[in-house]
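Below is one structure, written out as structure tokens; comments come after it.
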Amino acid sequence: MMGNPSIPIEYFVILSAVLFVMGVLGVLVRRNAIMIFMSVELMLNAANLALVAFSRQWGDVSGHLFVFFVMTVAAAEVAVGLALIVAIFRQKQSIDIDELHQMQG
Amino acid sequence: MTLELIIFLIVAAVAIFAAAFMLVSRNAVHSALFLVTNMICLAFMYLVLNAPFLAMVQITVYAGAIMVLFMFVIMLLGAEKLGETPTRYKWLPIAGVGLATLFLVTAYFAIAQGNVGALKPIAKSPRVRVVHVGQGVPPVTVYLNNDRVTDSVGYGAASGFREVRAGDYNLLVFASTNGLTPDPTKDSPALAQPISLRAETATTIIATADRLIVVPEDLNTIDAVQTVRYTVVNALPANPPINFISIDPANPNPAPEDRAKYITILAPALPYGEFSRTTTLPAGKYKVAWEINNQRVNAPADLDARENTSQLIILYPEAGPAGSPTGRSTELVLADRTTSAFGGPNNIGETLFTTYLLPFELVSLLLLVAMVGAIILTREETVKRERKRVVVSNSAGVRRLNQVSASAMSLTEHKKPSEGAAD
């Protein structure tokens, strides 16, 4: 039933870690709010890959269900997030997060 | 290095490069397209990992719907042309890359030495059910050691499956005439025998008049499509071995010389108390019967063999009115769905609508709330009100700041109270 031992699970987990780190870098380095959102999507995708890989390893379909829920939450997050970006753009004519520092610390 | 590994490495490289180009690309539209490439690579990875349903959802929902939304907003705002001003935090990119490298090195060692590949699938616990086909025997109650498996099962009936822990048990069968629940520590069982229950199997305990027939079945996925799996049990006491046959409806009673043409023997020479080897059959409708020395012992019956089921066919003596023996026999067919293929739409659907029904409802609610939220956020009035509020609070802040600075100036000789709060 569980096929494919020719690709060890470690490869998938390492790929997932690399993609996740690239997503984190995107959030830290880029200042365009849309780019930050896309980096967050990349991080979610990387986490999904790890979930599916471990799901196959355990032979348990719960991991797939989690991925399903993550996708739904991502869709909700993108809908609200992009609406926020549109609202901010209308107000400030910019989506550069460095220009949005109303709360200064 | 196998071909699969080579393809994996190529797709992984494409995914990583797409992510890298997404990060460094100056144009937001290019970034979005690189992200789509990355997501398609991940969908391929899901296919490799036995998750065909998620691969499809990944392409339709992520690479399709969500990225179209991104593209829409990018084009709407003209954000692809918005260049980025130099950041105020010059150290952030360097620190970010440093921390990322550190994390990757740590994660690499954790993954390489953490032995994640040694995790093994959890075996499904064994399941047990009881079938009562003993003519003239009152309803039976079955215990495994001291745990009751079923409530009393009447003649010709079958209980549902129950999960138990794998292991060796002492199987005790009590025939309850008075309708009271028997006590396994005190009462003496009608029948008893040791039983060994293994993981991943579904065991059927068939109680006949004088013995117990224990039939283990495998309810895992049938690999071939359009196939049923069947096991035949002979619970007809004191008879010579029985043939279980399938009859061609075109000629239900062929002449002896045509037998080979119209009759297929599905389970040959089955003695009392035995069960046949489990075999597979193409799905479809069959006419089946039982023979002793080429004589039918029951009328031909219809067998509806639906695909992806496991059929347990039990031949047992028929009881007349008030349990009197009629001398005839009948059959009991128990059809159980085998588990669906791992990661397929059926499997996901079954799990989603049983174990994960509540989270599923909550997530749908979340989507609804997000939709309402998106509408409210982008309404013209909301934006206007927000703009007004920001202006008011800014002017109030400036006024307060002036007071603070005035009092501060009057008390000390400081020139500027705060640089950051003036925004």
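For the range B:219-323, a crude dipole built from +1 on the beta carbon of Lys and Arg and -1 on the beta carbon of Asp and Glu, taken about the Cα centre, is about 40 debye to the nearest 20. With the cut-off at 1.5 for a/c, could you classify the range B:1-84 from its C-alpha gyration tensor as rounded, prolate or oblate? Because a/c hits 1.5 or more and a/b fails to exceed b/c, the range B:1-84 counts as oblate. Here B:Lys186 is the anchor, and the aspartates and glutamates within straight C-alpha reach of less than 15 Å, apart from those fewer than 8 places off in the same chain, are B:Asp147.
With a/c under 1.5 counting as rounded, go ahead and sort the protein assembly as shown into rounded, prolate or oblate using the C-alpha gyration tensor (a ≥ b ≥ c being the square roots of the eigenvalues; past the cut-off, prolate if a/b is larger than b/c, else oblate).
prolate
What is the sum of charges around B:Met45, taking Lys and Arg as +1, Asp and Glu as -1, for the other residues whose C-beta is under 13 Å from the C-beta of B:Met45?
Values: positive: A:Arg56; negative: B:Glu4.
Overall, the nearby charge balance is 0.
Other residues lying with their Cβ under 14 Å from the Cβ of B:Glu217 contribute a combined charge of +4, Lys and Arg counting +1, Asp and Glu -1.
Can you give the longest run of chain B that contains no GluC sites (Glu not before Pro) sitting in a DSSP loop with at most 12 other Cβ atoms inside 10 Å? By the stated rule (loop sites, at most 12 other Cβ atoms within 10 Å), B:1-412. The mean number of Cβ atoms from other chains found within 10 Å of a Cβ in peptide B:122-129 is 1, as a whole number. Quick check on the range B:219-323: take the gyration tensor over C-alpha atoms, sort the square-rooted eigenvalues as a ≥ b ≥ c, and tell me if it's rounded (a/c under 1.5), prolate or oblate. Because a/c hits 1.5 or more and a/b fails to exceed b/c, the range B:219-323 counts as oblate. The alpha-carbon of A:Lys92 sits under 19 angstrom from the alpha-carbons of these aspartates and glutamates, leaving out residues fewer than 8 places away in its chain: B:Glu80, B:Glu84, B:Glu380, B:Glu381, B:Glu386, B:Asp423. Taking trypsin sites (Lys or Arg not before Pro) in DSSP loop states with no more than 13 other Cβ atoms inside 10 Å as exposed sites, chain B has its longest site-free stretch at B:199-276. Per residue of B:92-98, other chain Cβ atoms within 10 Å of the residue Cβ number 3 on average.
Residues B:Leu365, B:Leu104, B:Leu35 in ascending order of nearby Cβ atoms (within 10 Å, fewest first): B:Leu365, B:Leu104, B:Leu35. Averaged over peptide B:367-378, the number of partner chain Cβ atoms lying within 10 Å of each residue's Cβ comes to 5. Compared with the dominant Cα axis of chain B, that is its longest principal axis, helix B:3-24 is turned about 30°.
Readers should treat all values here as calculations from the given coordinates under stated rules, not as data from a laboratory. In this text the structure is predicted, and so the values were computed from the model without any measurement. Every residue, glycine among them, receives a Cβ derived from its backbone with ideal geometry; neighbour counts consider all protein chains shown.
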